[in-house]
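What follows is one structure encoded as structure tokens, with my remarks underneath.
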Amino acid sequence: MSASDVSSMPDSSQASTFEVRNLKKHFAGLKAVDGVSFSVRTGEILGLIGPNGSGKTTLVNVVTGLLPATEGSILLDGEDLTRRPAHDRARKGLARTFQTVRLFGQMTVLENVEAAVVSTGHRRRHAASQAMEVLADLGLADQAHRLAREIPFGHQRKLEIARALAMRPKFVFLDEPAAGLNEQESDELDDLLRRIPGQYSVGLVVIEHDMRLMMNLCPRLHVLNYGKTIAEGTPDEVRSNHEVVTAYLGSRA
């Protein structure tokens with residue numbers, strides 16, 4: 001990276017903390033998220049795993065403001081964001097990707113990233129420079145002027161991550177970033193995600209069903225089932241937890 005790249009990154013000496021306390025989200029009689037608590041700091045990777053329907057995506061939707069919380073608190077550096085709108089949370093430092101790729105297909109790769117930067121309040125001229133830096137860093141510079149819908153699916157996944165990083169967030173929530181990727185692409189994603197926390201001074205919260213990726217990538221895992229936390233700890237601790245094996249990993253894990 002160039003000196004200008006480095007100067008535009010957040011200051012890694014100023015670590016931030018994101019915290020969820022007793023978070024709940026109820027839909028009528030369904031307790032989709034039921035008293036979940038966790039914390040993560042910039043520079044860290046936290047894995048969020050669990051069976052389908054365990055509340056992972058709902059949790060991220062509540063955290064990022066797409067859904068209101070029923071109860072509990074969402075804190076960034078001690079500031080309560082629980083009742084803040086989604087756009088305000090984004091400007092405070094929360095970014096995300098989605099299970100299903102949500103790109104502007106008729107816009108170029110560069111324009112997709114520029115739009116993310118502009119959404120945080122920057123001018124278009126600054127957005128173009130910042131967008132190109134991130135695209136180059138993620139190996140997408142040669143795709144910058146292609147329509148987003150025309151690039152390979154693996155590159156579309158990277159483009160979603162590029163859009164999130166271009167917003168210069170403190171924390172990024174990645175919802176199944178390896179979905180639809182082959183094994184080689186998953187390995188490349190592993191390499192990319194490993195360097196992002198240190199290089200961009202962000203914390204990553206990764207939701208993923210690819211257990212090979214998650215066990216290798218995440219120093220710490222948080223496991224949900226039926227909206228509740230059933231385990232948290234290192235991959236080895238989670239792998240040997242009887243309740244996790246029964247609910248999710250199975251006897252071969």
Which number in (1) assigned to a helix (DSSP H, G or I); (2) touching a Phe, Trp or Tyr at 6+ places or on another chain (Cβ under 8 Å) marks the one condition that Asp34 misses? (1)
Among residues of region 222-248 being among the polar types (S, T, N, Q) and assigned to a loop (DSSP other than H, G, I, E, B), the residue nearest to Val40 (Cα to Cα) is Thr234
Modelled with pLDDT of 90 or more, part of a helix (DSSP H, G or I) and open to solvent by less than 40 Å² (accessible area, probe 1.4 Å): does that describe Leu204? no
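For (1) at pLDDT 95 or above; (2) open to solvent by 40 Å² or more (accessible area, probe 1.4 Å); (3) out of contact with any Leu (no Cβ under 9 Å at 6 or more places or on another chain), each residue gets a yes or a no:
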site	(1), (2), (3)
Leu76	yes, no, no
Asp80	yes, yes, yes
His87	no, yes, yes
Val101	no, no, no
Val118	no, yes, yes
Selection from region 158-178 of residues within 23 Å of Lys56 (Cα to Cα) and in a helix (DSSP H, G or I) yields Lys158, Leu159, Glu160, Ile161, Ala162, Arg163, Ala164, Leu165
Checking the conditions here, which among Leu135, Leu181 is touching a helix residue (DSSP H, G or I) at 6+ places or on another chain (Cβ under 7 Å), without any contact (Cβ under 8 Å) to a residue 40 or more places away in the chain, more than 27 Å from Leu59 (Cα to Cα) and buried (at least 16 other Cβ atoms within 10 Å of the Cβ)? Leu135
Positions within region 80-99 being within 13 Å of the chain's Cα centre (by Cα) and either of a type in the set (A, V, I, L, M) or part of a loop (DSSP other than H, G, I, E, B) (or both), in sequence order: Ala90, Gly93, Leu94, Ala95, Thr97, Phe98, Gln99
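The values are calculated or read from the model by the stated rules, or taken from the named source; none is laboratory data. Predicted model, so just to flag it, every value in this text is computed and none were measured. With ideal geometry, Cβ positions are generated from the backbone for all residues, glycine too; neighbour counts draw on all protein chains shown. Calculation scope for accessible area: heavy atoms of the full protein, side chains included, ligands and nucleic acids excluded. Shrake-Rupley method; radii C 1.70, N 1.55, O 1.52, S 1.80 Å.
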